[in-house]
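To start, the structure itself, in structure tokens.
The values are calculated or read from the model by the stated rules, or taken from the named source; none is laboratory data. Please read these numbers as outputs of a predicted model, since none were measured by experiment. In this analysis, Cβ positions are derived from the backbone assuming ideal geometry, glycine residues included, and neighbour counts consider all displayed protein chains. For the accessible areas, the whole protein counts, side chains as well, though only heavy atoms, and no ligand, DNA or RNA atoms are used. Shrake-Rupley method; radii C 1.70, N 1.55, O 1.52, S 1.80 Å.
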Amino acid sequence: MTSPASGASSAADYAPIPRSALGPALNEQRYYVGRVERNLYYVTDGVYQSAFLTTRDGVVVFDAPPSIGPNLRRAVDEIAAANGVTNRVTHFVYSHHHADHGGAASLFGGDVIRIGHEETRRLLLRDDDPARPIPEVTFADNYTLEVGGERVELAWRGPNHTPDNIYIHFPGHDTLMFIDVVNAGWVLIYNLNLSEDVIGYMGAPAIALDYPWTHFICGHLGRLATRDDVAVHQQYIADIEASSREALTSIDPVPFYVAAGENFWAGVKAHLDAVTERAAAPVIAKYTGVLAAADIEVFTRTTTFQIMQSLRLDRGVTVSIPVQP
Ligand SMILES: [Zn+2]
């Protein structure tokens, strides 16, 4: 272990994290495994989440973040022993192709059946990472996985965080797993949680809420999410969209270009920075104390920039250009 470099942020730089945003305490091996419902469990290291289903015919694992790594195997062994069922992992499901959620997939080798969206397969072939073996079983829109009398419904409903990010519904467990869109109780990290399709990302929480569920496995932080967490997330995004629209249409770009002279890119930067700052500031103020770490301002600023650009490029919102006399 290395210690943080000097100049790294420390807890003292920010407001304390409310207890309600944190998950259960980790054990000595630095993980927590908890029952979601019946034989569905989730595992967290406090930052990343994975899930598994123990059945009489084998264990199904959903995602394998490398930060949890071998502790995922420990958690499966511990729970299978406690439940008196096999600890043999027979199926592995990728939520999406990203290495930070699937990079320990190779820990489950042998005759495990790997399942993923067809775009996940394509992207994993492209990325050629031995830590993320290619799924043999793929699907385009929907796939029903039945193991040991349990049923899991996988669905692709368009690109969002990534082109291949799927909804994993457990109808017999009152649970939805959907990764990297909502962070339960916490602000998003940089650039809309590092998402690729802004419009798809903004519409995804409504699709998630259309499913019946009480428990939501969102992929990050220590606890499960609730329907209220998704609603707060939606409001945060809606607030950024509204203030971005307001800032885009009310800040006159001309003075920025005049001041920049023939360096047109300097004009672009000054104008877009001004729009971003005006749009993000009230959202940061509103959500500080509501979403954990909202006072890490660069997260909301970069997310605002991303949404503001999508308004301009996808939605066609135009900046105000005063008519010259
Ligand atoms: Zn991701």
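Overview of results
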{"item": "Simple Cβ-charge dipole of the chain, Lys/Arg +1 and Asp/Glu -1, about Cα centre, in debye nearest 20", "result": "360 debye"}
{"item": "Computed FRET value (nearest 0.05) for Ala281 with Arg88, which takes r as the C-beta separation and R₀ as 45 Å", "result": "0.25"}
{"item": "Residue of Thr162, Thr300, Thr86 that the Gaussian network model of the chain assigns the largest fluctuation, springs spanning Cα pairs under 10 Å", "result": "Thr86"}
{"item": "Region 153-224: C-alpha gyration tensor shape, a/c 1.5 cut-off, then a/b vs b/c", "result": "oblate"}
{"item": "Quotient of C-alpha Rg and 2.2 N^0.38 Å, computed over region 95-157", "result": "1.12"}
{"item": "Heavy-atom surface of region 136-268, accessible at 1.4 Å and reported per residue (Å²)", "result": "40 Å²"}
{"item": "Kirkwood-Stokes translational diffusion coefficient of region 55-124, alpha-carbon pairs, 37 °C, 0.692 mPa s, µm²/s", "result": "264 µm²/s"}
{"item": "Inter-label distance, nm, simple model (7 Å from Cα along the C-beta direction), Thr226/Glu37", "result": "1.6 nm"}
{"item": "Region 79-216: C-alpha gyration tensor shape, a/c 1.5 cut-off, then a/b vs b/c", "result": "oblate"}
{"item": "Heavy atoms of Leu125 accessible to a 1.4 Å probe, total area in Å² rounded to 10", "result": "100 Å²"}
{"item": "Considering only the chain, percent of DSSP beta bridges that pair antiparallel, nearest 5", "result": "65 percent"}
{"item": "Loop sites in region 63-92: trypsin sites (Lys or Arg not before Pro), DSSP, at most 16 other Cβ within 10 Å", "result": "Arg88"}
{"item": "Region 93-125 versus region 216-276: alpha-carbon centroid distance in Å", "result": "33 Å"}
{"item": "Prolate/oblate/rounded call for the chain, Cα gyration tensor, a/c under 1.5 rounded", "result": "prolate"}
{"item": "Area accessible to solvent at Val182, 1.4 Å probe radius, in Å²", "result": "0 Å²"}
{"item": "Surface share of carbon and sulfur [accessible, 1.4 angstrom probe, percent] for the chain", "result": "55 percent"}
{"item": "Cβ charges +1 (Lys, Arg) and -1 (Asp, Glu), total dipole of region 245-325, debye", "result": "180 debye"}
{"item": "Contact order relative to length of region 69-210, as percent, for alpha carbon pairs under 8 angstrom and 6 or more apart", "result": "17 percent"}
{"item": "Taking the chain and dividing mean pair separation by its residue count, relative contact order in percent (alpha carbons under 8 Å, at least six apart)", "result": "15 percent"}
{"item": "Percentage relative contact order, region 193-250, counting C-alpha pairs under 8 Å, at least six apart", "result": "25 percent"}
